[in-house]
2 protein chains.
Amino acid sequence: MCQAVWSTTVSTSEPPRVPPAGSAFLLTQLGTHAASAFAERIARLDLTPPQTGLLRVVASEPGRSQQALAQQLGTPPTRLVALVDGLEERGLLERRRNPGDRRLHAVHLGPAGEKLMGEIRDVAREHDDAVLAPLDDDERARLRELLGKLADAHGLTPGVHPGYRHLGAPDAKGAPGDQAS
Amino acid sequence: MCQAVWSTTVSTSEPPRVPPAGSAFLLTQLGTHAASAFAERIARLDLTPPQTGLLRVVASEPGRSQQALAQQLGTPPTRLVALVDGLEERGLLERRRNPGDRRLHAVHLGPAGEKLMGEIRDVAREHDDAVLAPLDDDERARLRELLGKLADAHGLTPGVHPGYRHLGAPDAKGAPGDQAS
DNA sequence: TATTGTTATACTCTATAACTATA
DNA sequence: TATAGTTATAGAGTATAACAATA
């Protein structure tokens, strides 16, 4: 994917510029930046963000069914299958049949997965530091407080982030993507 | 598209939960939320976020070539063509041949486009208010300051937001998407 | 008949490459 | 030959729908 762009412009130089960006736009812009920065970092472990999210969820509560995982993650079960497939091949996840109900596949972390979790945490910490680098400790604390308040008020699930696409963007000739404001 | 999810979880209830989300993750989460909320709002005008971004850029500096626009927006020129096509059909944009160099297409706002800009600004204001609703004036000011500092330090172009996809996500069986942290 | 997981298929969006016209 | 724009093609990523196994 190579989305990009689509925007607005804060007054800068000579030519007339679009009205100054509001905080909501800054939020989108920074969120996008943070997301892609994380994707780059986590690629070192040969993981994509969705894979990482799945690993973390499984690590936090091993042995759940794929249905349960799909529901928590808000993704169609069908997508989870492919995701688990890829991680299972690498020994990061394991599917275990449930003797009680043989339809179920309890998903657990594989040995390699356990080891990887530590590295994932390192990368996450590193990422957080990099993003917040421009702020001092006091500013970081205030930012966290404000963001937390917003996330809370908007009902964002603590660990799960809302979908992106298909929400807006009816269709319209051109093409959707993800600017926002 | 119906991305979703992929994440981490802040300690909440009984089962062991993943480490608390850092501010960087909150940023991604809120950015995603803001983006989709904007997409929903702007859909009222029958526009997608990319279309909106293009309109704003054209409005801010009419008459530029498609190449110039593509470069500013960071999108391949080929994509701009389709985008302009759709908006031109609706009378929102106009292509005017440059008599000096007949290869160029100067892109201007059409009559309908001029009118729409006002509504776009209304929607943007409305969106900003909705996102920031949970905060009081003082908090909004502080948030804006902090976000501005971050955006600036990370070299985010004032009005244009960085791409999303293809940056991270090498390939990996499953599928990429956009969590982040 | 309902449910878990799976496979197969179609669709959306975007990028890459090839082509036309001007220069 | 180089550049603006366009068209055509292909690929990545995701969702929807049909299917098999188990209950």
* **Other copies of B:ASN98: label-to-label distances in nm, shortest first, labels 7 Å along the beta-carbon direction** => 6.6
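I'd like the interface area for chains A and B: accessible area of each alone minus the complex, both sides summed, 1.4 Å probe, protein heavy atoms only. What is it in Å² to the nearest 100?
Rounded to the nearest hundred, the buried surface is 10500 Å².
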* **Rotational relation A to B, axis-closest Cβ in chain A, residue and distance rounded to whole Å** => A:GLY31, 1
* To do: Between the label point of B:ALA133 and that of the same position in each other copy, find the distances and list them shortest first in nm, with every label point placed 7 Å from Cα along the Cα-to-C-beta direction.
  => 3.7
* Solvent exposure, largest accessible area first (probe 1.4 Å, DNA, RNA and ligands not counted), of A:ASP122, A:ASP137 -> A:ASP137, A:ASP122
* Charged-residue dipole, Cβ positions (Lys, Arg, Asp, Glu), region A:33-148 about Cα centre, Debye nearest 20 -> 740 debye
* Structure fact -> To the nearest 0.05, the calculated FRET efficiency linking B:ASN98 and B:ALA153 through their beta-carbon distance, R0 being 56 Å, is 0.90
* Asked: Which whole number gives the average count of other chain Cβ atoms within 10 Å of the Cβ atoms across peptide A:120-128?
  -> 4
* **For region B:64-108, radius of gyration divided by Kirkwood radius, i.e. Rg to Rh on alpha-carbons** => 0.96
* Structure fact -> Long-range amide H partners of A:LEU93, meaning residues 5 or more apart or on another chain whose placed amide H is closer than 5 Å, are A:GLU88, A:GLY110
* Using a 1.4 Å probe and counting only protein heavy atoms, arrange A:THR157, B:THR28 so the residue with the most accessible area comes first. => A:THR157, B:THR28
* To do: Along Cα-to-Cβ, 7 Å out, sits the label point; list in nm, shortest first, how far the one on B:ASP46 is from those in the other copies.
  => 5.0
* Taking a quarter of the surface of the convex hull around the Cα atoms of region A:47-134, what do you get in nm²? -> 6.1 nm²
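The values are calculated or read from the model by the stated rules, or taken from the named source; none is laboratory data. Because the structure is predicted, anything quoted here is derived from the model rather than measured. Reconstructed Cβ throughout: ideal geometry from the backbone, glycine too, with neighbour counts over all protein chains shown. Accessible surface is based on the protein model in full, side chains and every heavy atom, while ligands, DNA and RNA are left aside. Shrake-Rupley method; radii C 1.70, N 1.55, O 1.52, S 1.80 Å.
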